[in-house]
Each structure stands twice: as C-alpha cells, then as structure tokens.
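Novice: Attaching a single structure in structure tokens format; questions to follow.
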Amino acid sequence: MTRIHPTVERVTDRIIERSRDSRRAYLSLMAEEGDRHRDRNTALPCSNLAHGFAAAGEDKASIATRQGPNIGIITAYNDTISAHQPYAAFPPQMKVWAREVGATAQVAGATPAMCDGVTQGQAGMELSLFSRDVIALSAAVGLSHAMYDAVALLGICDKIVPGLLMGALRFGWLPALFVPGGPMPTGLGNKEKQKVRQLYAQGKATRAELLEMESQCYHTSGTCTFYGTANSNQMMMELMGLHVPGAAFIPPGTPLRQALTRAAVHRLSAITRDGNDYRPLSACVDEKAIVNAAVGLLATGGSTNHAIHIPAFARAAGVRIDWTDMAELSHVTPLIARVYPNGTADVNQFQDAGGIGFVTRQLIDAGLIHRDIVTAGGDSLDDFAQEPWLDEGELAWRACGTSGDETVLRTASDPFQPDGGMRLVEGNLGRACFKTSAVEPERWTIEAPARVFESQHAVAQAFTAGELDGDVVIVVRFQGPRANGMPELHTLTPVLGVMQDRGQKVALVTDGRMSGASGKVPMAIHCSPEANGGGPLSRLRDGDLIRVSADEGVLSTAADLALRDPAPAPEAQMGTARELFAMFRADADEAERGGSAMLAAAGL
C-alpha cells in the first residue's frame, strides 16, 4: 500500500489535534442521539408515528411495523435551476427501488436552491451565501421528524451541497448519500462564450447577441458544464465517499444515470444500523475525508468558493481546517486536470477523458489522499477509482486506464503544474485566497496603485468612463459576510479580462467572493478580516501601492494603515428581502471559518 505523503500526513495530524475536543464532543452527541433514535417505533408515540405515515399509501404497513429501513429524502428540486430540474422524477422512482429491497422511502422535506448564475450582479446575490445556512436548517427540519433510518440528499449546486451536508451531519447517526443528477450536454464552446462576454463589456456586442450566446451555453436540464462550484461539489462528494462511485458526471435521463440512482437507494438500505455494514455519516465525514476533499479540489483546480465551504461543513462535523492547511496541501498537490475556466474542456470532456475515477486513482497511488476512510457509497475508496458502465444492462464498474485526453487529464507524475490550484496570500491587508490554476505564472505577482471601490457596479462605471487605463489593483471592499452577505462579484470578470488583454497589469483584491468560474486575472479574494468592522481594506485609499504575490504569498500595502481611520461601511440595502437576512449578517463568521451565522450562533 502506498504510504501517505509526509505533508498530507502532517497536515492531517495537525487538523486531528486541533479538532480533538470539538470532534470528541460531536461524536459523543451523535452516539447519544443514535441511541435515543435507535427504534422509531418505540421512540415515537403511536399518534406521532401515525401522523408520519398517514400519507404513505402502500408503504404504510411496512413503516408502521418497521419491516425494513425507511429512507428520508431531502430534495432541493425546483425547475428554475437546470441542475435540479431532473429531481422532479426522482422520489417516485426511488420509492419503487426501495421496495425492491424491502425498504421504504419518503420525502422528508425540501430545501431552497438558488442559482448564482441567475442572481449574479443582482440584489438576490446578497442572499446567496446565507442560503447555505437556510438549506442546512431546512434539511434539519425535515429530518427532525425522526422517521428515518437513512438519508438520500438530492442536491448539486453551489451552496446546496455544503448546506445539505451541514444539516445532515447534525443527524450523523444516520447513513447518508448524495444523489446527483448529472451535467447537461456540451453547448457553445467556452472560448466563444468568453469572447462574446468581453465584446459586450466593451460595447461591441448587443444584448440580443449576448443572450443568444448565453442560451447556447445553458440550454437544457442538467448541471452547467464548466468546472465551477457545482461540479467541484460533485468531485468532493466522490473523494469523501458520499456518492455511489462514479455518479458525479453521468448525464441526466440516461439508463446509466437511472442505474446509479437505483444503486444509491439499494446501498442506503444496506448500510443502516439494522444491517451488518452500518456506516453512519458521522463516521464517514472525519478529518481524513475533509483532507481528501481539499486535495481533490486542489488537484483539479476547483472552485474558490470551497475555501469557505470546506471549513463550514467540516465544523458541522467537529473538524477544524483553515487556509494554512489548504495552502500546505496545495504546495504538494499537483494540478492534474484542465477544465474550464483553468482549461478549455468542460466536465463532459473531463468525464470522457477518465473523470473522477482517474483522478482518484492518481491521488491514491501518489499517497495524496487517505485510502482508509469509511465510505458510504462503496466498500472502500478504491471503489471510487473506477468508472461505472452498463454491462448487458447491469450496473458495473471497471478500471479507468490511462487518460483519454492528456490536454484534460494527466498523471500525478506528469502534471500540468507541480502544485495545486490555490495559494494563501497574507500581510498587512489580511489573509486571502489566490487561485493560481487559471492564471498565467507571469501574472502571479502584481504591484500597482490601488483604485478603491465599494461595489462591483462602481468598477464597471469607472471602466466605461475610461478611468481604468493604467496598471491598477482594483479593491472592492465591504463585500464580506457581515457587510452584505458576501456576494460573488462575477460581473467584474469580463471587465478585468479586457483590461488585462489590452496589456495592463491588473489584479483584484476583495473581501467578497468571485465565481467558482473565476478565471485568468490574478485575484486575492475572501480577504479576512473583512472591511466591515475596521478590517485593513477599510483603511485603503486610491493610489496606495499594493503588492499581490502568489509567488511570495504576500498581500500588502506600503501605506501606514495604522495612521488612518476606517472608512464607514455603506448603509445596508433594503429590498429583495435582504432586510430579513440582517440576523445572518450580524452574526456571521469570517470567511476563513466558513462565513456562517448558524455555526457561530451554535458555538460550533
């Protein structure tokens, strides 16, 4: 067996030691709760139980007499988000497949599922990060009925998977699996998409031309095909063993997708407490599984949003991981995938080249991920180093073999670059994340005067007015969790891309988020402490010289910030229900701890 890499082992040991008390408290609570809910027929009075199965139809007798396990389905279905539209058909099918193995299934509850692609640059985006807490709370409400022996989690996109995991982990005595829906077919190529967006930013393309292009990219049901937060979610769930192996990127509406969903239902029925292979979620999501998720993210150049989400869902399991841990893992993790935005391929081409099965095999063999985690979807992590297929109509798995396209996937011994997709930059402006995988190395260090803004729209206005012609570090502050909910600043991407393409040295520094599709411009994002409350960004002024360097791990200014008073935070905005989220903004943690008000209020 390959020995784990010394750095991965050291970081894991540090996380285990840092998490000792919180992890012990979590596991103790899960054991107590598991004992209390061991048998729903004795834990629930008859009136309560009757309410719970009153509408269960032909499954009533089985649930009433506990003839087999009852699977609770938490669904994030809606038909506005393309990724979640296929879920409409899942619960009725899952109930049939549960009966095949003597089990039952009920929809335990639903969660909201908002799309950052729809809300980018709009007021609704200020609800986005906190929707993760709402999703976790919604999942908890559904599972609080105590009617279930296992949990099927139907969710894919940005905040939805982390939120579902956070909620389910507080019911961690139950086994749980994520059941993905798969990506839409490949649409318009990514280079053409980027080109039209930049032309529109320069006023050289019409809105009708832009909308036509966008409609060719996002054109039917299924997950968006770029490697943003949603698809990074799928990768992490595989490396944590929380899917049926290979389920991530099989298209919706295909026989193989249906076979994988059926297998998830059968698998859940087999790993409950009443069987011989009990695999509770609390045992699956431990320090080693969290490290696997982080390494997988780095090896594939995944979404920067997970620098916030990983610490958040880790905390829900009593595990403490920070950006220093992730930076050290990045230093020894080779980048072995090129998927848009850090390449030209989409996730369908990634899947065709070998997909996550290939990535998992490479990382296991290189000693970069922990093989000995408890997996919910397979017998061991080795099961995830394969690809699913239909053998005469029956679901089977086979070895991935070599890369089917070395412009998309490479071995760990011959990577695209020797280290992972993210670095930590820090200094007198705080700590921030820098995604290197999509940025040319000659742009990893930028030193230029600052232009300070308090909204992404103000940047766009300055660009249109011709004010951003020289080398510049764009600072967009008061975008953190406590200021306005930490929206993604996706509308900056075309503007900054145009500036860079015309020869300017340009970088972005912000306490906000960028898209999971953040691209070719150097960016120090998620800056902590945030400007709201007196963080360093609140003391910057136009013209201050700023150095952003992924090479050196530096984020600093030559200005003496201690001599200045912080700029006042902009007044909180009303409308689009932003006022209802004031309690989340008031209590939110810093980004490095996950930006969660719920976890902070719970003392986790």
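Novice: If you take the residues in segment 446-460 that are of a type in the set (Gly, Ala, Ser) and more than 23 Å from Gly553 (Cβ to Cβ), which one is surrounded by the fewest Cβ atoms within 10 Å (Cβ to Cβ)?
Specialist: Of everything passing the filter in segment 446-460, Ala458 is surrounded by the fewest Cβ atoms within 10 Å (Cβ to Cβ).
Novice: Going through segment 300-314 one residue at a time, which ones are polar (S, T, N, Q) and at pLDDT 95 or above?
Specialist: Thr300
Novice: Let me ask another. Kindly indicate whether Pro415 is closer than 26 Å to Thr7 by Cα and surrounded by fewer than 22 Cβ atoms within 10 Å (Cβ to Cβ).
Specialist: Yes; evaluated as a whole, the condition is true for this residue.
Novice: Please specify each residue of segment 338-352 satisfying the condition of being under 17 Å from the mean Cα position of the chain (by Cα) and farther than 17 Å from Pro441 by Cβ.
Specialist: Val339, Tyr340, Val347
Novice: Select from segment 209-231 the residues that are among the aliphatic types (A, V, I, L, M) and in contact with a helix residue (DSSP H, G or I) (Cβ under 9 Å, 6 or more places away or on another chain) and list them in ascending order.
Specialist: Answer for segment 209-231, where residues must be among the aliphatic types (A, V, I, L, M) and in contact with a helix residue (DSSP H, G or I) (Cβ under 9 Å, 6 or more places away or on another chain): Leu210, Met213, Ala230.
Novice: Can you tell me how many residues within segment 138-155 are among the small types (Gly, Ala, Ser), in a loop (DSSP other than H, G, I, E, B) and either surrounded by fewer than 24 Cβ atoms within 10 Å (Cβ to Cβ) or outside the structural domain of Arg267 (by TED's automatic domain parsing) (or both)?
Specialist: Of the residues in segment 138-155, 2 are among the small types (Gly, Ala, Ser), in a loop (DSSP other than H, G, I, E, B) and either surrounded by fewer than 24 Cβ atoms within 10 Å (Cβ to Cβ) or outside the structural domain of Arg267 (by TED's automatic domain parsing) (or both).
Novice: State which residue pairs qualify: first residue assigned by TED's automatic domain parsing to the domain that holds Glu192 and inside segment 213-242, second residue outside any loop (DSSP other than H, G, I, E, B) and aromatic (Phe, Trp, Tyr) in any location, beta carbons under 9 Å apart, and separation of 6 or more residues or different chains.
Specialist: That search, which allows pairs on different chains as well, returns Met213/Tyr200.
Novice: Further, regarding this structure: With segment 225-342 as the region, which helices (runs of 4 or more DSSP H) entirely inside it contain at least 3 residues that are closer than 30 Å to Lys193 by Cα?
Specialist: Correct list: 229-239, 287-300, 306-316.
Novice: Looking only at segment 31-49, count how many residues are in contact (Cβ under 8 Å) with a residue 12 or more places away in the chain and in a helix (DSSP H, G or I).
Specialist: 7
Novice: Does segment 564-576 include one or more residues that are outside any loop (DSSP other than H, G, I, E, B), touching a residue at least 12 places away in the same chain (Cβ under 8 Å) and of a type outside the set (Asp, Glu)?
Specialist: No, the conditions are met nowhere in segment 564-576.
Novice: When residues of segment 347-366 are filtered for being part of a loop (DSSP other than H, G, I, E, B) and in contact with a helix residue (DSSP H, G or I) (Cβ under 7 Å, 6 or more places away or on another chain), how many remain?
Specialist: 0
Novice: Next question. Testing Thr12 on (1) part of a helix (DSSP H, G or I); (2) surrounded by fewer than 16 Cβ atoms within 10 Å (Cβ to Cβ); (3) touching a residue at least 60 places away in the same chain (Cβ under 8 Å), one condition comes back false. Which one is that?
Specialist: (2)
Novice: Residues to consider are Met125, Met166; find the one that is buried (at least 18 other Cβ atoms within 10 Å of the Cβ), more than 16 Å from the chain's Cα centre (by Cα), part of a helix (DSSP H, G or I) and in contact (Cβ under 8 Å) with a residue 24 or more places away in the chain.
Specialist: Met125
The values are calculated or read from the model by the stated rules, or taken from the named source; none is laboratory data. As the structure is a prediction and not an experimental result, all values here were calculated from the model. As a convention, Cβ positions derive from the backbone with ideal geometry for all residues, glycine included, and neighbour counts pool all protein chains shown.
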